[in-house]
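Asker: If you scroll down you'll find the structure; I have some questions about it.
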């Protein structure tokens, strides 16, 4: 029975807790039992919050029991339900390392806004998940604390940088998880691990308490077993925040998903630039089959063009490293984390940053510093921002013709460890289909649509106009009502 609880959807968990079918402690213990069994071979977590979480589960059970006797006050929507948080989001009293040695030992004195809203909704933080260092990577191989493994095949990566959160949901270590998406870091690991992942519109979810990588690109996103689960979580974390001036003062839509799988009247755009030579055959077949299913459900399929897509990769790798160069300047051995001692102040900076930052972070800091340097700013960073505007306009024109855009998430399924380790460009190309949405600031939703011949998941991403998350949810939910890909999880995870 205990293990069966980890198979339940979010709605079934909420019903079960309220009807006394099981307790919050029993639910949490079911997840902890799976973590004890499989975490050694996956390394999805950097910090497990078991003792504190069990205490909170007992408190939730007491509150639920009191509510059954006197249901005049409604229960918080996530009361007694565990979830995982990517280790770039601050949780008061828990370590926040960003997968880096330079933040080793740092414990935030406050919650990130997204975390605080979930705690207020009754959620229990089960642990902090592994990430590429400072969210810079596409495989979670860049974590200073060891790589996370894909639950479907531990010899393959889970994607990145939110690989720990995606692996945790896929392995049934938690029903929900928070991640972040700067260039595809929710959608790509969701596709690699066969779960549902959302990158909201930039400005829809507060970034307060998120350790910044690229401030104009970073978005707090969510993982779940299904569209319905992710949509529910989205409704709880979204909305304006006085602590983040980039949030938009718009009401958060109450997403009510229909039980009728009809997409009549929906216009689905298929960009020709996303189906290019070099894409894995099984990915193209699975994605096109999913698009055919949308058509069977009543959607109109329209071929569109996003002509500046080919510039997204170089534009991103000018803008993101430039912002990272500025954001990571604060980690100097003086204000946060450990310090490598030296006689002169500048030597403290050099030794601490040189030894505590990993190779990929140093590479991006140097790229960004160069792009911002005197004599090169206009030629590189300034021009990249102009091309970014052209990419954004491509999407705006496309959404005059269609309601959503359907495309592959990545050109390959999850690759083997070390396959791109000595080729940064090959690694960067894994995000070639996800980067444009971040540059344009539009929402993206990844859902599973099949498997390749090796048994690794394939994902599709749906992109929408700014603040059109509800449209994405409705379309993807209709698809999931008529398919079973999202209900499949690894039967037997290879144990260490």
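Asker: For the stretch 126-167 and the stretch 229-250, compute the distance between their C-alpha centroids and round to whole Å.
Answerer: Measuring centre to centre over Cα atoms gives 25 Å.
Asker: Return the whole-Å distance between the Cα centroid of the stretch 303-377 and the Cα centroid of the stretch 466-496.
Answerer: 35 Å
Asker: When all alpha-carbon pairs of the stretch 442-496 are counted, what percent fall beyond 19 Å?
Answerer: When all Cα pairs of the stretch 442-496 are counted, 40 percent exceed 19 Å.
Asker: With r as the distance between the Cβ atoms of residue 494 and residue 396 and R0 = 45 Å, compute the FRET efficiency 1/(1 + (r/R0)^6) and round to 0.05.
Answerer: Working from the Cβ atoms, E equals 0.45.
Asker: For 272, 86, what's the fewest-to-most ordering of other Cβ within 10 Å of each Cβ?
Answerer: 272, 86
Asker: Apply the Kirkwood formula to the stretch 334-382: the hydrodynamic radius equals the inverse of the mean of 1/r over all pairs of different alpha-carbon atoms; give it in Å with one decimal.
Answerer: 12.4 Å
Asker: Given the convex hull over the Cα atoms of the stretch 103-155, what projected area results after averaging over all orientations, in nm²?
Answerer: 5.2 nm²
Asker: Quick one: which of 384-396, 428-440 comes out on top by average Cβ neighbours within 10 Å, and what's the full order, highest first?
Answerer: 428-440, 384-396
Asker: On alpha-carbon atoms, Rg over Rh for the stretch 214-341 using Kirkwood Rh?
Answerer: Using Cα coordinates only, the ratio equals 1.07.
Asker: A further question follows. Express as a percent, rounded to the nearest 5, the fraction of DSSP beta bridges in the stretch 1-136 (both residues included) that run antiparallel.
Answerer: The antiparallel proportion sits near 40 percent.
Asker: Sticking with this one: Between residue 62 and residue 425, what is 0.36 nm times their sequence separation minus the Cα-Cα distance? Round to one decimal in nm.
Answerer: 125.3 nm
Asker: Please arrange 458, 276, 315 by how many other C-beta atoms lie within 10 Å of their C-beta, fewest to most.
Answerer: 276, 315, 458
Asker: Mind pulling the per residue volume of the convex hull built on the Cα atoms of the stretch 18-86? Å³ is fine.
Answerer: Expressed per residue, the convex hull around the Cα atoms of the stretch 18-86 is 87 Å³.
Asker: Quick one: length gained pulling residue 33 to residue 242 fully straight, 0.36 nm per residue minus the C-alpha distance?
Answerer: Taking 0.36 nm per residue and subtracting the Cα distance, the gain is 71.3 nm.
Asker: When the convex hull of the C-alpha atoms of the stretch 207-289 is computed, what volume per residue in Å³ does it have?
Answerer: Spelled out: Cα convex hull of the stretch 207-289, divided by residues, is 193 Å³.
Asker: Tell me, 442, 409, 252 in order of fewest to most beta-carbon neighbours within 10 Å?
Answerer: 252, 442, 409
Asker: For the stretch 419-474, what is the Kirkwood estimate of the hydrodynamic radius, computed as the reciprocal of the mean inverse distance between distinct Cα atoms, to one decimal in Å?
Answerer: Computed over the stretch 419-474, the radius equals 13.2 Å.
Asker: What does the extension gain come out to for residue 110 and residue 73, with contour length at 0.36 nm per residue minus their alpha carbon separation?
Answerer: Separation in residues times 0.36 nm, less the Cα-Cα distance, equals 10.5 nm.
Asker: Place the peptides 60-66, 131-137 in order of packing, highest mean first, counting for every residue the other Cβ atoms within 10 Å and averaging per peptide.
Answerer: Most protected by this proxy first, the peptides run 131-137, 60-66.
Asker: Still on this structure, please answer the following. Between residue 344 and residue 359, what is the label-to-label distance in nm when each label sits 7 Å out along the Cα-to-Cβ direction?
Answerer: 2.9 nm
Asker: Given R₀ = 41 Å, FRET efficiency for residue 379-residue 330 by Cβ-Cβ distance, to 0.05?
Answerer: The calculated FRET efficiency here is 0.95.
Asker: In addition: Return P(r) of the stretch 1-125 (all Cα-Cα pairs; 5 Å bins starting at 0; whole %; ordered from short to long distances).
Answerer: 2, 10, 19, 21, 19, 14, 8, 4, 1, 0, 0
Asker: Hey, what does the equivalent ellipsoid look like for the stretch 292-373, semi-axes from the Cα gyration tensor as sqrt of 5 times each eigenvalue, largest first, whole Å?
Answerer: Three semi-axes, in Å: 44, 15, 9.
Asker: Would you mind computing, in nm to one decimal, how far apart the modelled labels at residue 389 and residue 454 are, each placed 7 Å from Cα along Cα→Cβ?
Answerer: It works out to 4.3 nm between the two label points.
Asker: What percent of all Cα-Cα pairs in the stretch 321-421 falls into each 10 Å bin, going from 0 up to the bin containing the maximum distance?
Answerer: Calculated P(r), rounded to whole percents: 12, 25, 27, 25, 9, 3, 0.
Here, each number is a calculation from the coordinates, and none is a lab measurement. From a predicted model like this one, the values you see are computed outputs, not experimental measurements. Positions of Cβ are generated from backbone atoms using ideal geometry, with glycine treated the same way; all protein chains shown enter the neighbour counts.
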